[in-house]
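Structure record follows, encoded as C-alpha cells.
The values are calculated or read from the model by the stated rules, or taken from the named source; none is laboratory data. Bear in mind the structure is a predicted one, so any value in this text is a computation, not a measurement. Here the Cβ positions follow ideal geometry from the backbone for every residue, glycine too, while neighbour counts run over all protein chains shown. The protein model used for the area step is the full one, side chains on, heavy atoms only, and it has no ligands, DNA or RNA in it. Shrake-Rupley method; radii C 1.70, N 1.55, O 1.52, S 1.80 Å.
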Amino acid sequence: MAAIRRHPAAAGIAFLVAGCLVVFGVFLALVRSIGSDPSPGLLSAQGMAHRLLTGRESIDTDVQTSGEYVFRVVYQASDGNVGSTEFATHIGVAVCLRGDRATDAVRFSYLHFKPACRDGQVQLTPAETSIAQDRKAFGGEFVEGADQADEPTPRRVGSP
C-alpha cells in the first residue's frame, strides 16, 4: 500500500496493463474456441450415424476423407461417476456426403465388409478379415464382450 501512495501513477499504469492482459487473454480463449468448431459435414455425418446406434453405443471417427466418414462403433462404460471409457467394436458406420449434407449411411462389420462412397451412396465390398487383423488396424484396445460383437448383415438408414 505504501508503494501506491508514493507512486500512484505507476500503480495505476500497472493495474491498467494487468487489466488489458486479462481482457486480451479472454479474447484469445474466445477466438480459439470459435476456431475449433467441427465442420458442418462432420456434424451432419455424426447425426446420421447416430440413427444407427443403440443402447450405450457411440461413435469414434475412424476415416475422414472428402465426402466420406467412417466411424467405429464404441461402447461407453462408466468409471464410477468419474468419467467414461470407450471400448471399440468390430462394427462401423459409413456415411457419404454431398457437400456438407449426409446422404446415406450403413452400419456394417469390419470383419466382412469394406465401405466406399460412390455418388453419395455407401457401397460395401465383401472383404473377409480376422478379429486380430481388425484389432491391429484399429490400433486400440478391445474388451472381450465388444471384441466378440459381429453383425454379418449390414443395416442401412431407414431399413428395419
### Task
Sort His112, His7, His50 from largest to smallest accessible area, using a 1.4 Å probe on the heavy atoms of the protein chains.
His7, His50, His112
### Query
Counting only heavy atoms of protein chains, what accessible area per residue, in Å², does the chain have with a probe of 1.4 Å?
63
## Note on the structure
Residues whose built amide H sits under 5 Å from the amide H of Tyr110, excluding neighbours closer than 5 in sequence, are Ile91, Gly92
## Note on the structure
the chain, Gaussian network, Cα under 10 Å: of Ala137, Ala14, Ala49, the residue fluctuating most is Ala14
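Based on the alpha-carbon gyration tensor of the range 100-160, what equivalent-ellipsoid semi-axes (square roots of 5 times the eigenvalues) come out, in whole Å, largest first? Walk me through the intermediate numbers first.
Numbers: eigenvalues 112, 34, 27 Å².
Largest first, the range 100-160 gives 24, 13, 12 Å.
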### Task
Pop the C-beta distance of Ala116 and Phe27 into the FRET formula with R0 = 30 Å and round what comes out to the nearest 0.05.
0.10
### Query
For the chain, what is the convex hull volume of the alpha-carbon atoms per residue, in Å³?
180
### Message
For the chain, give me the percentage of DSSP beta bridges that are antiparallel, rounded to the nearest 5 percent.
### Response
95
### Query
Any idea how far apart Arg98 and Glu141 come out in nm if each label point goes 7 Å out from Cα toward Cβ?
4.3
### Task
Return one number: the angle in degrees, 0 to 90 and rounded to the nearest 10, between the long axis of the Cα atoms of helix 8-35 and the longest principal axis of the Cα atoms of the chain.
10
### Query
Hey, in the chain, which Cys have no second cysteine's beta-carbon closer than 4.7 Å?
Cys20
### Query
Picking from Phe87, Phe108, Phe24, which is most flexible by a Gaussian network model of the chain using Cα springs under 10 Å?
Phe24
### Query
Which whole-Hz couplings ³J(HN,Hα) result when phi for each residue of the range 109-124 is put into the Karplus expression 6.51 cos²θ - 1.76 cosθ + 1.60, θ = phi - 60°, listed in order with x for Gly and Pro?
9, 4, 6, 10, 9, 10, x, 7, 9, 9, 6, x, 10, 7, 10, 9
### Task
On the protein heavy atoms, probe 1.4 angstrom, tell me the percent of accessible surface of the chain carried by carbon and sulfur.
58
### Query
Angle between the Cα long axis of helix 40-50 and the longest principal axis of the chain, 0 to 90 degrees, nearest 10?
50
